[in-house]
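Asks: There's a structure below that I have some questions on.
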Amino acid sequence: MHTYHIHIKGLVQGVGFRPYVCRIAEAMHLTGWVNNTTDGVHVEITTDESTAYLFYHQITAHPPANALITSHVIKEVSLKKYAAFTIADSTAKHGTDLLLTPDIAVCPDCLNEINDNANRRHGYAFTTCLNCGPRYSIIQSLPYDRINTTMASLAMCNTCTEEYHNIYNRRHYSQTNSCPNCAIHLHVYISSTQETKIEQEKIIPGVVQSLCNGKIIAMKGIGGYLLLCDATSENTILQLRERKHRPAKPFAVLYADITMASADVQLRPSEIEALKSKAAPIVLCKKKSHPENNIAIRVIAPGLDKIGVVLPYAPLLYLLSHRFGKPLIATSANISGSPILYTDEQALENLFDIADEVITYDRTIVMPQDDSVLQFTERGQKIILRRSRGLSPNYYPHPFPITKETIWATGGELKSAFAIQHHDQLYVSQFLGDQGTVESQESYTLTADHLFALLQIQPQKIIVDAHPAYAVTLAGTALAEKLHLQKPMVVQHHKAHFAAVLAENNLLQTQQPVLGFVWDGTGYGEDNNIWGSEVFVYQHHQIKRVAHLKYFPQLIGDKMSKEPRLSALSLLQHFPSKQQHLQKYFSATEWEYYQKLLQQNNTIYTSSMGRFLDGLACLLGIRIFNSYEGEAAMQLEALARNCSYKPYDAYALPLVDGELDWTVFLHELMEDWQQKEDVSLIAWKIFYSLAKAITQLSNHFFIDHLAFSGGVFQNALLTDLVIEQLSKKRHLYFHQQLSPNDECIGFGQIAYYHIEQQAAPQETAVTSQKIISSIL
C-alpha cells in the first residue's frame, strides 16, 4: 500500500470534478480525499500502485463533460491511512493557476425536471446542477465554492442539502443548488420604488400577460439585464427603439426552441449546433423570405438579410419564452452608448425610461456580460462577432511561451477587451464595449480589478495602444505609474491585429513569409495618419507594412465614421464633376464648410477600408448617416449577397508605389452607377473586386500564406469570396477563438510582445556575427 497525490490543472472547478472523482473512488473502493485549491484540483489516495494508476487514468482520460484538463501529475507521497474517501475543505494557496469556468447554458436534464409536473422543481426558474448554471458571473473569489459566490447568502433547504451530500445525486456538491423551498425569489417592479406584491408562481404568467399586452419588460438575465418584448408587434418594437434611442441597430430574437426558430430563418447544422451549445450564443441566420411566425422583420433588422437568433440559456428565459409561445425581442438593457446594466440598483434607477416593468431576482451578478454573437459564412467559416457570456474569459490552448512576468495588455478603444498572461495561463476579457463613455470606462476598470483580485495578481508588464488619447492607453499608463513599473510597451493597432491572427494560427515561429490583410475602420498609424487597410509581411519575427489604400482626407475626426456622406465627399475630392451627386445630402452652409476643409493642407489622412466602404455605400444611396457602427457596410453586404446575377469582372485596384489606387476603382463604379446598373450588382462587384485585389497582392509579393484580421473581415460575403478564389491555391488563416474586430487587440498586443522577445536574440546574434566577421 502506498499513498499517491494527484494534481489536476485547467478548467476543473464548477464542472463537477470533485463529485466525479468521489464517485470513481467509491466505485473502486479507495480511501483518501479530493479538494479544490487556487491551482486546480488535488486528490490523495492510499492503495497499491496498479490501482492508483488505473484510477489516475480514469479521472484524467475521461473527465466530466464540461472539464478541460491542461496538465496533470501523480506522485507518491508519505504513507497515510484514511477511513473513507471524502471531499475535503477547499484551500486557498498563494496565487491562482487555473482556468475560470464560464457560465453554462441550462442542460437537458434540468429542462426535463422543469417540464415534469411530478418533479419538485417543476416550473422553477433557477434550476441548475453540476452541469449547468451561472459560474463566471457570480464568482467573488477562488477556489470555486458556494461561500465564494453570490449564492453564499442563500441557504439550502433540508432536501437540497441532502442532494448536495448524496454522492449519487446529480447535484452532489453543486454550488448553485436551490429549489422552490429555498428559492431564489423573483421581484416585480412597476416603478423604481414600487414593488408589486405577488406570489412567486404567478410572476411568470403575469410577465407573459404583460408581453401579450404590448409591454416592454426589463428582466435580469445571467450576465445582466435584458429588454424583452413581442417580436411580432411592430408598434411595440418601434416604441422600444424610440425609448432606447436605437433607430436601426438590429435586435436579437429569442425563440423557445429550434422548431420555432426554423419557421423564420434558414438553419444549417453548424448553426443549430452553436445555438444548442453550452455557450448558447446569438447566431446570425439568414431570414426566410416569408417568416412563418409573423415577426416584424422590417423593424427587427432594417436593411439586413440576417436575424440574430438565440435560444433560452437560463431556466427563467426558457419558462418565459415557452409560455409566451411566440418569438421575443431580447436585447441588452443599457442606456445608449453605455455597457449592459447588471445591478438591481442600476436597473431600477435607469430602466423605467425604457421598460414598463422591471423583473429582478435575489442572486447577485458580479461580472456583467453581454450575450456572445457569431455567424457562419455560406462556406462554413465561423466568425465570432462578440466574445462574451459562455466564451470568456479563458483562452486555451494558447500559443505563447511561459512568462515570469504577469502581462496586462489593455486592448483597443472600440469593442474593447483586455488580455492577461499570467505564467502559463492566458485570459481574454469579455467584450467591454466602446470606451468613449464614463460608464464604459468604469465597467472596464471594474472587470480588470475583479480579475486581478480573482487571480491574486498584479501586472508587472503593461502593453497599450499607440493612440495616446485612448482611455485604455491612459488606464494602462496610470496603472504603470501607480505600481512604479516601466513605461508601458506601445504597439501599433494594426500590427496588434496581425500579430493576433498569426498567434491564433500558431504562426509566430513560421519560417514562411505571411502576407497579412488588416482591414478595419480606424487605428492610429505610425505616420500619424489613420490607418485601416493595411497589408503587412511577417518574416524573421518582423512585421513590415508593404501596401495600403491610397490616402484620402479624414474629415472631422470620428464624425466621419458616423456620416458616410463625409467619406463619399472625401473620396470625390479630386472628382469635382461627380461631387454634385452628393450636394443634396448637405445644407448650403455644410457644403461650403466641407469644401473649404478639403482644400486645407494640414488635413489628417486615412487609409481606412471601413470608411472606403462607407463612402461607396453613400454614393450608391444606401446610407447617408450611420445610426450604429458599420451600418452602411452591413447593408451594402446584405444587398450584395442578394444580388440575383453575380458577375465575375472586377473594379481595378492597382498597386502603385505601395498604395492601392482606388481612383480607378471609383471611376469604374461610378460608370456602372450612371449606366443604371442594378445597385445590388454594383455592391456584389465591390466585394468581389476586393477579394480579387487580395489575390493580385498575393501574386505580386509571391507569398502563399495569407492571414486576415480587422472588422471588415466580419463580412461573411467577403470572407467567402476570398475562400472561393484562394483556398485551393493559398494557405488562408482566419481567427479561431477571437473576433477579427478590435476585441482581439489585447491578445495581439501580447503576441507582438512575444514577437519582439523572439526577435531580440536574433538581432543580438546577427550583431555578434558582424563583429566577428569584421575582426576576421
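Asks: Round to the nearest 10 and report in Å² the accessible area of K93, as given by a 1.4 Å probe over the protein chains' heavy atoms.
Replies: 90
Asks: So if each residue of separation counts as 0.36 nm, and I subtract the Cα-Cα distance between E26 and Q456, what length gain in nm does that give?
Replies: 151.3 nm
Asks: Determine the calculated [θ] at 222 nm for the chain from helices alone, applying -39500 (n - 2.57) to every DSSP H run no shorter than 4 residues and normalising by the residue count; nearest 500 deg cm²/dmol.
Replies: Counting only the DSSP helices, I get -10500 deg cm²/dmol.
Asks: Nearest 20 debye, what's the magnitude of the dipole of segment 1-142 about its Cα centre given +1 on Lys and Arg Cβ and -1 on Asp and Glu Cβ?
Replies: 180
Asks: Put +1 on the Cβ of every Lys and Arg and -1 on every Asp and Glu Cβ in segment 219-363; which of I237, V283, L351 then has its Cα farthest towards the positive end of the dipole?
Replies: So the residue we want is V283.
Asks: Looking at the chain, what % of its DSSP beta bridges pair antiparallel, to the nearest 5?
Replies: 70
Asks: Calculate the dipole size of the chain relative to its Cα centre from +1 charges on Lys and Arg beta carbons and -1 charges on Asp and Glu beta carbons; express the result in debye to the nearest 20.
Replies: Using Cβ point charges on Lys, Arg, Asp and Glu, the chain gives about 680 debye.
Asks: Ignoring everything but the protein chains, give the 1.4 Å probe accessible area of H667 in square angstrom, nearest 10.
Replies: Taking all protein chains as shown, H667 has close to 80 Å².
Asks: How many angstrom separate the Cα center of segment 527-588 from the Cα center of segment 23-89?
Replies: Taking the Cα centre of each part, segment 527-588 and segment 23-89 sit 61 Å apart.
Asks: What nm value, rounded to one decimal, do you get for the distance between E592 and K202 when each label is placed 7 Å out toward the C-beta?
Replies: 6.7
Asks: Quick one: net charge of R146's neighbours, Cβ under 15 Å, K/R +1, D/E -1?
Replies: Combined, the nearby Lys, Arg, Asp and Glu give 0.
Asks: Let me ask something else. Binning at 10 angstrom from zero up to the longest distance, how are the C-alpha pair distances of the chain distributed in percent?
Replies: With 10 Å bins starting at 0, P(r) equals 3, 13, 22, 24, 20, 12, 5, 2, 0, 0.
Asks: Carbon and sulfur together cover what percent of the accessible area of the chain at a 1.4 Å probe radius?
Replies: 51
Asks: Of T3, T259, T60, which has the most accessible area with a 1.4 Å probe, and how do the rest follow in descending order?
Replies: From most accessible down to least: T259, T60, T3.
Asks: A follow-up question, please. Top to bottom by accessible area (1.4 Å), largest first, where do V535, V679 land?
Replies: Ranking V535, V679 by accessible area, largest first, yields V679, V535.
Asks: Taking the Cα centre of segment 68-118 as origin and charging only Cβ (+1 Lys, Arg; -1 Asp, Glu), how large is the dipole, in debye to the nearest 20?
Replies: Computed charge dipole of segment 68-118: roughly 520 debye.
Asks: Moving to a separate point now. Can you pick out the pairs among K415/K461; K288/K729; K286/K676; K404/K487; K249/K578; K215/K415 whose Cα atoms lie more than 26 Å from each other?
Replies: Check vs 26 Å cut-off fails for K288/K729; K286/K676; K249/K578; K215/K415.
Asks: Keeping all protein chains in place, calculate the accessible area per residue for the chain (probe 1.4 angstrom), answer in Å².
Replies: 40
Asks: Of G214, L426, Y318, whose Cα points farthest to the positive end of the dipole of the chain (charges on the beta-carbon: +1 Lys, Arg; -1 Asp, Glu; origin at the Cα centre)?
Replies: Y318
Asks: Sticking with this one: Note down the accessible area of E195, probe 1.4 Å, to the nearest 10 Å².
Replies: Using a 1.4 Å probe on the heavy atoms, I get roughly 60 Å².
Asks: Tell me the label-point distance for the pair F701, A478, using the 7 Å Cα-to-Cβ offset, in nm and rounded to one decimal.
Replies: Calculated label separation equals 3.8 nm.
Asks: Another question, then. Amide H of H423 versus every other amide H placed in the peptide plane: which residues, excluding those fewer than 5 positions away on the same chain, fall under 5 Å?
Replies: Correct list: T403, I407.
Asks: Of P654, A568, H731, which is farthest on the positive side of the dipole of the chain, counting Cα position, with +1 on Lys and Arg Cβ, -1 on Asp and Glu Cβ, and the Cα centre as origin?
Replies: Working it through, the farthest residue towards the positive pole turns out to be H731.
Asks: Right, something else. Provide the percentage of antiparallel DSSP beta bridges, counting only those with both residues in segment 232-323; round to the nearest 5.
Replies: Among the beta bridges of segment 232-323, antiparallel pairing accounts for roughly 60 percent.
Asks: Another question about this same structure. Order I272, I184, most accessible first, counting only protein heavy atoms with a 1.4 angstrom probe.
Replies: Highest to lowest solvent-accessible surface, that is I272, I184.
Asks: Any chance you could check the Cα centroid distance between segment 399-439 and segment 150-207 for me, in angstrom?
Replies: 35
The values are calculated or read from the model by the stated rules, or taken from the named source; none is laboratory data. Bear in mind that the values here come from a model prediction, so they are computed numbers and not experimental data. Cβ: placed from backbone, ideal geometry, glycine included. Neighbour counts: every protein chain shown. All accessible areas refer to the heavy atoms of the entire protein, side chains included, with ligands and DNA or RNA removed. Shrake-Rupley method; radii C 1.70, N 1.55, O 1.52, S 1.80 Å.
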